[in-house]
Amino acid sequence: MIKKIIPFVFLFGLLTVAVVNAMTNEKSVDPNQIPPEKIPGLAIGEKAPDFELLNLEGKPVRLSEFKGKKIMLNFWATWCPPCKEEMPAIQKFYTEKGNSVQILAVNLDPDNNVKEFAEKLKVNFPILLDNDEEVMRSYKILTIPTTFFIDEEGIIQNKYLGPLSVEQMKKFTNEL
């Protein structure tokens, strides 16, 4: 009886090793390495849809107000860990770049106290509130954070999925 079981145990062991080996050799996809043309949302080369949203002070801000400027348009939420992770980098970039690049951070969760969140993280770049998610839908946002880099003519030149470093922000805006 044992002689009949040994081949099955041996085959099961080989099969287990093969499956584990195949799984560990399989490359995982890093969302930060997805080519921009494969990222969901508006395509590179499209005109960025104009919108008007309120900032944290309740004042209306239109994207078209910034025609002639480079724009970094970031979609995020307070409950999103990668979004929180990139907030200090956006603040540093905002401080370093001054007026050469317009940062607009579009928040997608109106139920949370975004102003309190921004104060806690000590960020003072422009945050806009997309309370009805209309802008999110017009930009076809499926995942956050998602960032669009828009040139002086209002054309999307690049987009990025995931948290950005200051170096990446500099690289993408310098390419505009």
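Points to keep in mind about this one:
- When restricted to residues that are surrounded by fewer than 17 Cβ atoms within 10 Å (Cβ to Cβ), over 19 Å from LYS97 (Cα atoms) and either touching a residue at least 40 places away in the same chain (Cβ under 8 Å) or of a type in the set (Lys, Arg) (or both), the stretch 132-160 contains 8.
- Restricted to the stretch 116-152, and to residues there that are among the hydrophobic types (A, V, I, L, M, F, W, C) and assigned to a strand (DSSP E or B), the residue that is nearest to PRO40 (Cα to Cα) is PHE148.
- Any chance GLU86 is of a type in the set (Asp, Glu) and under 17 Å from LEU176 (Cα atoms): no
- Among residues of the stretch 44-60 that are of a type in the set (Phe, Trp, Tyr), those with a Cβ under 8 angstrom from a residue that is in a strand (DSSP E or B), sequence gap 6+ or separate chain, pair up as PHE51/ARG62.
- Being at pLDDT below 95, over 19 Å from VAL135 (Cβ atoms) and loosely packed, with under 13 Cβ neighbours inside 10 Å is true of PRO35.
The values are calculated or read from the model by the stated rules, or taken from the named source; none is laboratory data. This one's a predicted model, so the numbers in the text were calculated from it and none came from an experiment. Using ideal geometry, Cβ is built from the backbone for each residue, glycine included, and neighbour counts are taken over all protein chains shown.
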